[in-house]
Amino acid sequence: MSAAASVTSPVDTVTIALGERSYPIRIGAGLVGDPAAFDGVPNATVAVVVSNTTVAPLYAEALMRTLRQRHAQVRLIVLPDGEAHKDWPTLNLVFDGLLGDEATPAADRKAVLYALGGGVVGDMTGFAAACYMRGIAFVQVPTTLLAQVDSSVGGKTGINHPRGKNMIGAFHQPLAVVADLDTLATLPDRELRAGLAEVIKYGPIADAAFFDWTERELPALLAREPRALRHAIRRSCEIKAEVVGEDERESGRRAILNFGHTFGHAIEAALGYGEWLHGEAVGCGMAMAADLSAALGLLPAADARRIARLIERAGLPVAAPPIGPDRFLELMRVDKKAEAGEIKFVLVDAIGRALVRGAPDAAVREVLAARGV
């Protein structure tokens with residue numbers, strides 16, 4: 001499908017091709033209330049919906065009503081909302097709910113978890129599913145733009161550590177991803193803009209035509225036009241599906257999906273998780289990664305400025321907080337891509353093409369200074 005193509009079918013399906021672990025991403029309106037959206041999920045006796053205090057009042061009852069048509073028991077676990085709660089104590093709330101009490105028996109290993117929420121809920125539910133009884137099934141039901149285009153797809157699950165984001169986790173693929181476009185209607189503007197950071201990411205790393213489309217259609221995306229959002233979500237998922245299908249466990253090409261994340265994760269860790277939204281930190285990180293690409297002679301400076309302009313037009317920060325270069329470098333060395341203490345960056349050598357490589361500290365410091373660190 002070309003970047004300019006329109007989507008006409010009521011439900012669009014993108015497949016993550018991983019052999020016996022393959023699964024569909026279903027994109028459409030009204031899917032939370034549509035039993036057909038969950039076709040292929042086993043009719044296990046117990047279903048457990050994991051959500052948070054913001055999303056559960058909006059959508060949990062509708063989802064549970066749908067799931068009661070295929071599961072005899074449907075339970076709900078409500079977690080506190082926010083990146084600051086993506087930690088061991090909150091993860092244990094999921095295990096507590098699964099293990100039950102005197103009135104509620106423990107969920108067995110055929111139970112299915114449903115992650116209803118944004119990236120934090122999805123990551124934590126997936127990690128709980130990977131760990132409980134050494135692995136049970138789960139389904140992603142993402143309700144934020146960021147989760148629909150990125151974090152719900154690909155099987156990365158985990159929690160944060162004070163020294164690094166997502167440093168504790170597992171690869172555990174869902175049975176399906178059900179992206180209901182209607183849930184974006186209740187998304188705060190700040191969260192929408194944060195999700196656009198992950199949409200913008202796909203153009204520089206993999207699809208120049210999609211980058212052009214995003215530049216043209218940004219006003220429609222910010223206005224939440226269903227046509228634009230549907231296409232942005234589908235094309236983002238198509239790109240991620242291709243990359244994940246080629247490199248499920250990030251041993252090679254999949255690392256390009258972390259464009260902007262090495263810088264962005266350092267911002268989140270330095271400020272305390274939740275001070276900046278993940279997409280805000282990634283947006284700033286992409287501007288810095290584009291700057292570094294230009295500083296190393298990989299990318300024309302005009303293209304680096306073009307990337308930064310689009311990020312800024314989306315309402316995302318392009319100036320970093322004054323963390324200090326030494327602290328920034330220290331935090332980036334904890335990044336999962338680092339090897340023997342050497343920071344590995346996702347860089348761009350043309351809009352639509354990315355690579356992973358190291359960079360001299362001096363060049364990184366210049367970029368940090370230029371962006372306000």
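The values are calculated or read from the model by the stated rules, or taken from the named source; none is laboratory data. A quick note: this is a predicted structure, and the numbers were derived from the prediction, not measured. For neighbour counting, all protein chains shown are included, and Cβ atoms are generated from backbone atoms with ideal geometry for every residue, glycine included.
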Problem - Any pair with Cβ under 6 angstrom, 6 or more apart, that starts in region 357-373 at a residue that is closer than 17 Å to Lys344 by Cα and in contact (Cβ under 8 Å) with a residue 40 or more places away in the chain and ends at one that is outside any helix (DSSP H, G or I) and of a type in the set (Phe, Trp, Tyr) - result: Ala359/Phe345
Completion exercise
Checking Leu67, Leu76 in turn, the sole residue that is touching a helix residue (DSSP H, G or I) at 6+ places or on another chain (Cβ under 6 Å) and either at pLDDT below 95 or surrounded by 16 or more Cβ atoms within 10 Å (Cβ to Cβ) (or both) turns out to be Leu76
Exercise for the section: For Asn258, work out the one condition from (1) surrounded by fewer than 24 Cβ atoms within 10 Å (Cβ to Cβ); (2) within 13 Å of Pro204 (Cα to Cα); (3) of a type in the set (S, T, N, Q) it doesn't fulfil. Expected result: (1)
Problem - Those residues of region 99-126 which are aliphatic (A, V, I, L, M) and more than 17 Å from Leu67 (Cα to Cα), in sequence order - result: Leu99, Ala103, Ala106, Val120, Val121, Met124
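Each row is one residue, and each column tells you yes or no for (1) in contact (Cβ under 8 Å) with a residue 12 or more places away in the chain; (2) among the aliphatic types (A, V, I, L, M); (3) in a loop (DSSP other than H, G, I, E, B); (4) more than 20 Å from Asp212 (Cα to Cα).
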site	(1), (2), (3), (4)
Gly283	yes, no, no, no
Ala289	yes, yes, no, no
Asp303	yes, no, no, no
Ile311	yes, yes, no, no
Leu316	yes, yes, yes, no
Practice task
Please find, among Leu368, Leu316, Leu310, the residue that is within 25 Å of Leu196 (Cα to Cα), of a type in the set (A, V, I, L, M) and touching a Lys or Arg at 6+ places or on another chain (Cβ under 7 Å).
Solution key: Leu316
Practice task
Output the residue which, of all residues in region 264-289 that are crowded, with 24+ Cβ neighbours inside 10 Å and more than 13 Å from Leu316 (Cβ to Cβ), is modelled with the highest pLDDT.
Solution key: Ala289
Problem - Single condition Ala129 does not satisfy, out of (1) at pLDDT 95 or above; (2) among the small types (Gly, Ala, Ser); (3) more than 24 Å from Pro42 (Cβ to Cβ) - result: (3)
Handout entry: Residues located in region 88-131, provided they are touching a helix residue (DSSP H, G or I) at 6+ places or on another chain (Cβ under 9 Å), surrounded by fewer than 21 Cβ atoms within 10 Å (Cβ to Cβ) and assigned to a loop (DSSP other than H, G, I, E, B)
Key = Thr104, Ala106, Asp108, Arg109
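Please verify whether region 346-357 includes one or more residues that are outside the structural domain of Asn166 (by TED's automatic domain parsing), part of a loop (DSSP other than H, G, I, E, B) and more than 18 Å from the chain's Cα centre (by Cα).
Quick first cut of region 346-357, residues outside the structural domain of Asn166 (by TED's automatic domain parsing) only: 346-357.
Okay, now just the ones that are also part of a loop (DSSP other than H, G, I, E, B), so 351-352.
Checking the rest, the ones that are also more than 18 Å from the chain's Cα centre (by Cα) come to 351-352.
Yes - at least one qualifying residue is present in region 346-357.
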Practice task
Of the numbered conditions (1) in a helix (DSSP H, G or I); (2) buried (at least 20 other Cβ atoms within 10 Å of the Cβ); (3) under 22 Å from the mean Cα position of the chain (by Cα), Ala84 fails exactly one; give the number of that condition.
Solution key: (2)
